[in-house]
1. Taking region 41-60, which residues are within 22 Å of ILE201 (Cβ to Cβ), not hydroxyl-bearing (Ser, Thr, Tyr) and not in a loop (DSSP other than H, G, I, E, B)?
2. List the residue pairs whose Cβ atoms are under 7 Å apart, where the first residue sits in region 21-33 and is buried (at least 21 other Cβ atoms within 10 Å of the Cβ), the second is assigned to a helix (DSSP H, G or I) and modelled with pLDDT under 90, and the two are 6 or more positions apart or on different chains.
3. Looking only at region 92-113, which residues are open to solvent by 10 Å² or more (accessible area, probe 1.4 Å) and part of a helix (DSSP H, G or I)?
4. Which one of these is crowded, with 18+ Cβ neighbours inside 10 Å and of a type in the set (A, V, I, L, M): LEU153, LEU132?
5. Residues that are outside any helix (DSSP H, G or I), modelled with pLDDT of 95 or more, exposed (fewer than 13 other Cβ atoms within 10 Å of the Cβ) and touching a strand residue (DSSP E or B) at 6+ places or on another chain (Cβ under 8 Å): does region 114-128 have at least one?
6. For region 89-107, which positions are more than 18 Å from THR48 (Cα to Cα) and among the hydrophobic types (A, V, I, L, M, F, W, C)?
Amino acid sequence: MQRSLAGLFFAAAFLCCCLAISGFLLQQTLFAPGTTRESAGAVLSDSTVSMKLVDTISAAAAPVLGEPEASVNATVSLVLSTKAGAKLLADVLHDAHARLIGDSDDPVVITPQEVVQVVRDERAAAVPAIVLDVPRVTALVVTRGIVSWLVPLAAIGVVVFLVLCFLAHPDRAALVRTLGLGLIVLAALVGLFGYVIPKFIPTVLSDSVYARIPPRLADDHATLTVFTCLVVAGVGLALFAASARMGRGRRWSTPISSYRYREERRWS
């Protein structure tokens, strides 16, 4: 009875752990406008996003500068293709991501000062502020709200259920085996919530160009995500193998009853 109760507590603790880690991964990619600011170059490496910004800025600046739009377009494209140029629009990309997920209700604006820096012409200061058409995706807004309170509650649940599990005196070999299998499942969840969902879901939910920002963040962190998956899965396999050895060792160390042997000798 105690073993089954301990197993139930451990399963609940692991479920809470999966929820906490999955939500945390979403907070680092899909719901992380701050990461967008830091990874502006990676976001602008998406040709669709960069060309949208280039065309928008060029169309607004060319009439004020009195130059062909194609010429201004070439200048803006060159500037944004550099690491320093990408940083000039880092705040704009941050604001676009924040509005997309409901972290901000403010309009996304490219200021005249930012336009001057991008087009490399002081005359662009006369360009009116450019307001980008960035929608708020309802599904992402709702999910972000759920994740924000789910992660801390799930983390508390992990601690509570683990304490109850050890108070119920679990079987050590079974606990290690379950933990090993659980880590293998967790590795799959890391890949799912750390890469697959941020990579594909936003563009399914919205056809806005700016819905491509989270997928670029997922690609930028793909190496770390894959490495984490491999490490977690490797530890899980190691624990599962260790539990098998523990089980064999326990069977060999179990005392053998000599009662039947004595009875057989007595009758013979």
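1. ALA42, VAL43, LEU44, VAL49, LYS52
2. As it stands, the answer is none, since no pair meets every condition given.
3. Initial filter on region 92-113 (open to solvent by 10 Å² or more (accessible area, probe 1.4 Å)): 94-95, 99, 102-107, 109, 111-113.
Selection gives HIS94, ASP95, ARG99, PRO112, GLN113.
4. On the way: LEU153 fails: crowded, with 18+ Cβ neighbours inside 10 Å.
Result: LEU132 is the single residue among LEU153, LEU132 that is crowded, with 18+ Cβ neighbours inside 10 Å and of a type in the set (A, V, I, L, M).
5. No, region 114-128 contains no residue that is outside any helix (DSSP H, G or I), modelled with pLDDT of 95 or more, exposed (fewer than 13 other Cβ atoms within 10 Å of the Cβ) and touching a strand residue (DSSP E or B) at 6+ places or on another chain (Cβ under 8 Å).
6. Residues satisfying the conditions are ALA98, ILE101.
The values are calculated or read from the model by the stated rules, or taken from the named source; none is laboratory data. Everything quoted here is computed from the prediction, not taken from an experiment. Heads up, the Cβs are rebuilt from the backbone with ideal geometry, glycines too, and the neighbour counts pull from every protein chain shown. Ligands, DNA and RNA are excluded from the accessible area calculation, which covers all protein heavy atoms including side chains. Shrake-Rupley method; radii C 1.70, N 1.55, O 1.52, S 1.80 Å.
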